[in-house]
Amino acid sequence: MISLLTVLIPLTWAFLIPLIHIFRKTWLKRAILLFGIAVFFVTISAAISGWKQSALSFLGGWPAELGIVLIVDKLSAAFLFLSAIGGGAAFLASYGRLKEGPWRYYVIFFLLQASMNGVLITGDIFNLYVFYEVFSLAAYLLVAFTISWQAIEAGLKYLVLGTIGAFFILLGIAYIFMATGSLNMAVLSLVLPHIPNEALTVIAASLLIGLFIKIGAFPVHFWLPDAHSSAQTAVSALLSGVVVKVSIYTLLRLSLLLFLETKPAVFTVITVVGTLSVLGGHLMALRQEDIKRLLAYSTVAQIGYVLIGVGTGMAAGISAAFFHAINHMFMKVGLFIAAGHIAEDMKTRNIYDLRGLYHHRRWFVIVFSLLTAAIVGIHPLGGFMSKWYLMLAATKAGNVIPALALAFGTVISAFYYMRVLSFFYSSGDPPPRQTYPYWNLAIAGACALCCVFLGIVPLVPSLWKLVSDIGLNAVDTAEYISTMLSK
Amino acid sequence: MEILKFSFVFDKLSLSMAMLALFMAISISIFSLDYVEKKQAKERRFFVLSPWMFCVFSCMALFSGDWFFFGVFLEMSSIMLFFMILPLNFRTALYYLLTQLSGSLLVFVGAAIMIAERGSAAMGPVPPHLLWLFLSGLGIKTALLGLHFWLPKVHSEAPTPTSALLSGFSVKLGIYGLIRLASLPATDVLMVLGPSMALYGIIQAISQHDAKRLLAYHTISQLGYIVTAIGTGTALGIVAGVYHTVAHALFKGLLFLCIGSIEKAYGTRDLSLWGHGTARAFPVTFAFFLVGALAISGFPGMSGFASKAMIKASLKENSFYTVVWILQAANVGTVLSFCKLSYYGFFFKGDVVRKAPHYNPLLSYKKRIFQNTGMALLAFMTIFLGICPQLLPNFMGMNFGNFFETEALLSAIIPIFTGGILFIVFKKTLTPGKHKIYDLDFLLIKLYGILTLCPTIVAKIHTGKLRQYTIHVIIAALVIFFFLART
Amino acid sequence: MTIITLSHGTAIILFCIGLYTIISKRNLFKTVIGLSLMESSVLLLIVAAGFVQGGRPPILPIEGIAVNPLPHAFTLTAIVIGASDLALALAFVIKLHQRYKTVDLDKIRGLRG
């Protein structure tokens, strides 16, 4: 039941906020904060309950073959946890800056959270599409929320490319329905091996291309740098930290359930695209002078890392991919919030104009440096550990070239992040008067601390077991099917 | 997925290397007490403490029992040195960091493949098909021929204590790795690379006019000796390699400190601006320099003599007589180039009085107690090892007969005389000029121009036109479809 | 040539026409129309999947064979989603027109590189 609440509660809030705005305007400030905290706790508790034992809820009491089933297994629980933390951080960042001001923003925000949770817990492929589209719509709106020309242009590009992707996904789902007459993922996992190979090819190709567009993988990533750099600070953090990860969850779930046995070539495609993303993202980040755009291209590359992990199709790779996803969530949320605050504070996003920042915004630069070290992969921090496990998994699956690309990408990323830091630490003119950034600094600092903490995780057996369980559980499709069809 | 477990290896090899690291850290941190003025308390503290941090990380690398942790601590020691170059020269520091990162990442990829295939990556010989990864990874660290491009630039442009640590111990970590690798296919490669490094380093060193760069090329040449010794693959060869590693660390550290303190007084590294009674102004420094120069030339009674005698003996044991002659030739070159350095650096009185622009005789030896103590420690150790040559081989469990045999003495003294005579004959030709000297890093600058084309080409597809982005989507979809259809 | 194959063929052709519209037309409104065409084509495919020869509309009480009602439900949902997509797209187009004074897609390229 609690799994249903993760969708229903944010959805209710999204509809309550306009009502509160109309009838009790003075309540709005407290209500929004309360709502945000409530969503966080509901999501976390759903994740915990699903982690202990797969939690199912049958909507309308129909069995899995006929109705919609919401299921929280370990993979979903892990991503729910990620979405709760990342969403919570982005919520706090936007609340600290905007207060209750634009209530419309929070409507869209809660809508986004509801639909993201929906994607993570649903067991029905068409339901997944619906949630997916709602969350994409909310994301388009959030990107364009500031109505500056960059935001609108980025929003439009995101919308057109995202919608094309969505129609490819819908096409795939339509073919699945035509071929099998069923939409439940567990049932599909059982019946897909029996359909003709040609049909499977079409289904796999259209699902993959649609999901790649939504994820922002390299050859079709064009909307991502625009959207992530043009949105406001908290939204950039949310998009890079969580929204992309939810898309990766979808790819992970669908590819494992539908194609793991029937079409292993899918995983080759994912690996190739991941490798391309690593190289392309890093190479493009090398050229950027706009700090947020640089971070956005870095996101493309980090997505590539995660895809290399997914592409192994093995438990170790998926655990490593999730570990990198959660690491990247902390790093990018922290980096985007720090960079976004700096950019707003200094009225510029060009790194050449951010010279001498260290002497005026000391703590910000220190936090930024720590997060940078984490994302480049300096040893005791989380980023290094996840990259090492990705490398390990990739080589175990026999993908040596992706592992080399991972190493090469690390060197390039060290280059461009050091370039940014060199501007921060060089001497420069004093900037305009400081706006006191405690709120943003606290969130970015907490993210940096989490990165340090995540670096310890692989050394502690009990914590590491949690991470490795995710991969084992995700690959174990038989258990997923039997849980789903138990009724 | 397995958790990270730290395993240790405490054998005589790693213990002797660790003692060396400790000794280098002691003497260099004592030296650094005078290197930075007392007024700059922060920088002074940094330069005194960072050799200790470096020492800790290197010892961890030496004691780690598998390639992964070796790579981790290798990387961390490089990062420590990166911070030590940073105060003087950002570009050089970044150059150093990137080369070392790529080296240790290659080791990581190798370790990952090894773990995937064998289940563990214990320190020791690696399977032949992974040799290229390990050799190129460690080769960047050790400056094997072709991968040495970073060494002259970084060594010459780093602050003096850093240069001493770099040449004294940092490259020796790579040597330690190579010693662990020593088994059949690897030793063949090393046997070819070693003598060629020895010769190449000397040829470059003779033509240098930058004092520190000259020393840096000597480092390459002496590393060639060590690599040759390891290349024999026998127990005697390995002990000889370790011995020369220790000896070279001591005298090359000493030489760098001497040259560095004179550089500080002159404000330039250009040999053509030195001379004019430097030996009289800095008698103590000159005495230490003389100890180092004699040791590197293999003068009997110095550590260099003993280690070179062992190397020659190990080569003769395996009847590599050609290699012995190559090393002897290299030794002649060493003597020649040190004659040049000492003559033009300390005594030369040219026709025209050319004073260095920032000559500051106040920085003379008298007030520099710590500086002299640091150098004295290294000089003492160099002489001590030369007088008691049995000490280290005995510690390593090897009883090497008599060092001071007539044959060994002759083979050490003849190159010294030959070099001296050659210097007197070719004195005019060797006058430090302003000529340009070509090495791989000039090629690299050309290559850099080509490399920057890559991001430019990738950037070409980011036109900002939505229609072209859609075309990319269609192309990607078709490629994925045909790839999936083919399998 | 049954009605099923016909509708499948139509769907594919429509999908391709939609994509072609997006890549060939510079007018933003035509891009939106292209999106709409793609959407319709996929919906046609889904509806066709529920077709049963000689079936009746699935409205209670059912007499004889009825077509599969599930795709109809999907189609309705997808139509709603598609409609909101298109509405948002048109809103963006209007805003962009206010800023750029044009609806030419090739001129809207402030973000690149």
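The values are calculated or read from the model by the stated rules, or taken from the named source; none is laboratory data. Owing to the predicted nature of the structure, the values given are computational and were not obtained by experimental measurement. Here Cβ is always computed from backbone atoms with ideal geometry, including for glycine, and neighbour counts include all displayed protein chains.
Quick rundown of the values:
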quantity: Residues of the stretch C:94-113 that turn out to be more than 12 Å from chain B (Cβ to nearest Cβ) and in a helix (DSSP H, G or I), as a count; calculated: 6
quantity: So C:Phe51, is it among the aromatic types (Phe, Trp, Tyr), in contact with a helix residue (DSSP H, G or I) (Cβ under 9 Å, 6 or more places away or on another chain) and away from chain B (no Cβ under 14 Å); calculated: yes
quantity: Of the criteria (1) without any contact (Cβ under 8 Å) to a residue 24 or more places away in the chain; (2) in a helix (DSSP H, G or I); (3) within 22 Å of C:Thr5 (Cα to Cα), which one C:Thr75 fails; calculated: (1)
quantity: Residue check for B:Leu443: within 28 Å of the chain's Cα centre (by Cα) and surrounded by 15 or more Cβ atoms within 10 Å (Cβ to Cβ); calculated: no
quantity: Residue match in the stretch B:446-456 (condition: within 14 Å of chain C (Cβ to nearest Cβ) and either of a type in the set (S, T, N, Q) or over 26 Å from the mean Cα position of the chain (by Cα) (or both)); calculated: yes
quantity: Of residues in the stretch B:164-220 being of a type in the set (D, E, K, R) and over 24 Å from B:Asp270 (Cα atoms), the one surrounded by the fewest Cβ atoms within 10 Å (Cβ to Cβ); calculated: B:Asp188
quantity: Condition met for B:Val72 (touching a His at 6+ places or on another chain (Cβ under 9 Å), over 14 Å from B:Gly139 (Cα atoms) and either surrounded by fewer than 24 Cβ atoms within 10 Å (Cβ to Cβ) or not basic (Lys, Arg) (or both)); calculated: yes
quantity: Failed criterion for B:Thr268 (all others in (1) polar (S, T, N, Q); (2) in contact with a Leu (Cβ under 6 Å, 6 or more places away or on another chain); (3) at pLDDT below 85 hold); calculated: (2)
quantity: Residue in the stretch A:186-201 that is under 25 Å from B:His462 (Cα atoms) and in contact with a helix residue (DSSP H, G or I) (Cβ under 7 Å, 6 or more places away or on another chain) present; calculated: no
quantity: Filter result (among the small types (Gly, Ala, Ser) and surrounded by fewer than 24 Cβ atoms within 10 Å (Cβ to Cβ)) within the stretch B:92-109; calculated: B:Ala93, B:Ser102
quantity: Conditions (1) of a type outside the set (S, T, N, Q); (2) within 14 Å of chain B (Cβ to nearest Cβ); (3) over 19 Å from A:Ser386 (Cβ atoms); number of the one not met by A:Trp363; calculated: (2)
quantity: Residues of the stretch B:405-442 classified as more than 20 Å from B:Val332 (Cα to Cα) and in contact (Cβ under 8 Å) with a residue 40 or more places away in the chain, total; calculated: 7
quantity: Residue ID - farthest from B:Ile26 (Cα to Cα), chosen from residues in the stretch B:58-115 that are of a type in the set (D, E, K, R) and in a helix (DSSP H, G or I); calculated: B:Arg91
quantity: Members of the stretch A:188-206 found to be more than 10 Å from chain B (Cβ to nearest Cβ) and either in contact with a strand residue (DSSP E or B) (Cβ under 8 Å, 6 or more places away or on another chain) or assigned to a helix (DSSP H, G or I) (or both), listed by number; calculated: A:Leu188, A:Ser189, A:Leu190, A:Val191, A:Leu192, A:Pro193, A:His194, A:Ala199
quantity: Among residues of the stretch A:137-161, those that are under 25 Å from B:Ala477 (Cα atoms), surrounded by fewer than 24 Cβ atoms within 10 Å (Cβ to Cβ) and more than 7 Å from chain C (Cβ to nearest Cβ), counted; calculated: 0
quantity: Subset of the stretch C:74-92 [at the interface with another protein chain (Cβ under 7 Å from one of its Cβ atoms), within 20 Å of C:Gly18 (Cα to Cα) and crowded, with 16+ Cβ neighbours inside 10 Å]; calculated: C:Ala78, C:Ile81, C:Asp85, C:Leu88, C:Ala89, C:Phe92
quantity: Matching residues, the stretch A:124-136, being at the interface with another protein chain (Cβ under 10 Å from one of its Cβ atoms) and β-branched (Val, Ile, Thr); calculated: A:Val130, A:Val134
quantity: Selection within the stretch A:219-238 - within 16 Å of the chain's Cα centre (by Cα), part of a helix (DSSP H, G or I) and within 12 Å of chain B (Cβ to nearest Cβ); calculated: A:Trp223, A:Leu224, A:Pro225
quantity: Hits in the stretch A:195-222 (condition: of a type in the set (A, V, I, L, M, F, W, C), farther than 16 Å from A:Thr268 by Cβ and free of Cβ contacts under 8 Å to residues at least 60 places away in the same chain); calculated: A:Ile195, A:Ala199, A:Val202, A:Ile203, A:Ile213, A:Val220
quantity: Filter pass, B:Ser50 being assigned to a helix (DSSP H, G or I), in contact with a Phe, Trp or Tyr (Cβ under 9 Å, 6 or more places away or on another chain), of a type outside the set (Phe, Trp, Tyr) and closer than 16 Å to B:Pro87 by Cα; calculated: yes
quantity: Counted residues, the stretch A:128-177 - those being among the β-branched types (Val, Ile, Thr) and more than 19 Å from A:Leu211 (Cα to Cα); calculated: 4
quantity: Neighbours by Cβ (under 6 Å, 6+ apart or cross-chain): first from the stretch C:85-103, touching a residue at least 24 places away in the same chain (Cβ under 8 Å); second assigned to a helix (DSSP H, G or I) and surrounded by 17 or more Cβ atoms within 10 Å (Cβ to Cβ); calculated: C:Asp85/A:Thr163; C:Leu86/C:Ser36; C:Ala89/A:Leu159; C:Ala89/C:Val32; C:Val93/C:Leu28; C:Leu96/A:Ile152; C:Val103/C:Leu28
quantity: Members of the stretch A:190-210 found to be polar (S, T, N, Q) and within 13 Å of A:Leu254 (Cα to Cα), listed by number; calculated: A:Ser206
quantity: Residue within the stretch A:385-405 that is surrounded by fewer than 19 Cβ atoms within 10 Å (Cβ to Cβ), out of contact with any Ser or Thr (no Cβ under 6 Å at 6 or more places or on another chain) and more than 18 Å from B:Phe68 (Cβ to Cβ) present; calculated: yes
quantity: Check on A:Met329, under 30 Å from A:Lys263 (Cβ atoms), in contact with a Lys or Arg (Cβ under 7 Å, 6 or more places away or on another chain) and touching a residue at least 12 places away in the same chain (Cβ under 8 Å); calculated: yes
quantity: Of the criteria (1) buried (at least 19 other Cβ atoms within 10 Å of the Cβ); (2) among the polar types (S, T, N, Q); (3) within 30 Å of A:Leu294 (Cα to Cα); (4) free of Cβ contacts under 8 Å to residues at least 40 places away in the same chain, which one C:Ser41 fails; calculated: (3)
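Results for (1) crowded, with 16+ Cβ neighbours inside 10 Å; (2) away from every other protein chain (no Cβ under 14 Å), shown as yes or no for each residue.
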position: B:Phe417; (1), (2): no, yes
position: B:Ile424; (1), (2): no, yes
position: B:Lys427; (1), (2): no, yes
position: B:Val458; (1), (2): yes, no
position: B:Ile475; (1), (2): no, no
position: B:Phe481; (1), (2): yes, no
